[in-house]
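Read-outs throughout are calculated quantities, based only on the coordinates presented, and are distinct from any laboratory measurement. What you are looking at is a predicted structure, and each value in this text was computed from that prediction instead of being measured. Virtual Cβ from ideal backbone geometry, glycine too; neighbours counted across all protein chains shown.
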Amino acid sequence: MFLRDQKMNKLCLALLIAFAVPTIASAGGGGSKATGSITFKNTGTNDVYVIVDPPAVVTVANFFNVGGRLLKKGESSTIGSLKSGSHKYASLSKAPGVVPTDAEIKAAKIISVNIAGGQALNVQLK
């Protein structure tokens, strides 16, 4: 009887190892890659509108819904979870409280930057 219980324990342990170990190994997803970020700081006296990786169509109506940010004098904002590689951002300075027009948003200069895994880029805007 003791020998039979010992064989059963070994069988249960072997089954546990056979099924649990692969599950634990795949839970990490094969290693995660570090993401980068861009921190924007408004160093000017105007309000600054900024957006990272803007979609094809950005308007006043959808600016904040597509990831746009408004930075008032002295404010900072970090856009995180950026994959390694090339990214673009656009910024536009307006007098405090003045909302840009769709034409001004469309005409905003687009800057390309390269982000390495885990890199934190700091950008000062005026």
- Query: Which one is surrounded by the most Cβ atoms within 10 Å (Cβ to Cβ), of the residues in segment 52-63 that are free of Cβ contacts under 8 Å to residues at least 40 places away in the same chain and closer than 17 Å to Ser112 by Cα?
  - Reply: Val52
- When every residue in segment 74-100 that is more than 27 Å from Ala34 (Cα to Cα) and exposed (fewer than 13 other Cβ atoms within 10 Å of the Cβ) is compared, the one nearest to the chain's Cα centre (by Cα) is Gly74
- Enumeration of residues in segment 101-126 that are within 12 Å of the chain's Cα centre (by Cα) and either assigned to a strand (DSSP E or B) or surrounded by 12 or more Cβ atoms within 10 Å (Cβ to Cβ) (or both): Ile115, Gly117, Gln119, Ala120
- Item | Conditions (1) of a type in the set (A, V, I, L, M, F, W, C); (2) surrounded by 16 or more Cβ atoms within 10 Å (Cβ to Cβ); (3) within 19 Å of the chain's Cα centre (by Cα): number failed by Val48 | (3)
- segment 64-73 - residue that is more than 15 Å from the chain's Cα centre (by Cα) and part of a strand (DSSP E or B) and, of those, surrounded by the fewest Cβ atoms within 10 Å (Cβ to Cβ): Leu70
- State whether the residues of segment 72-88 include one that is in contact with a helix residue (DSSP H, G or I) (Cβ under 6 Å, 6 or more places away or on another chain) and of a type outside the set (A, V, I, L, M, F, W, C). no
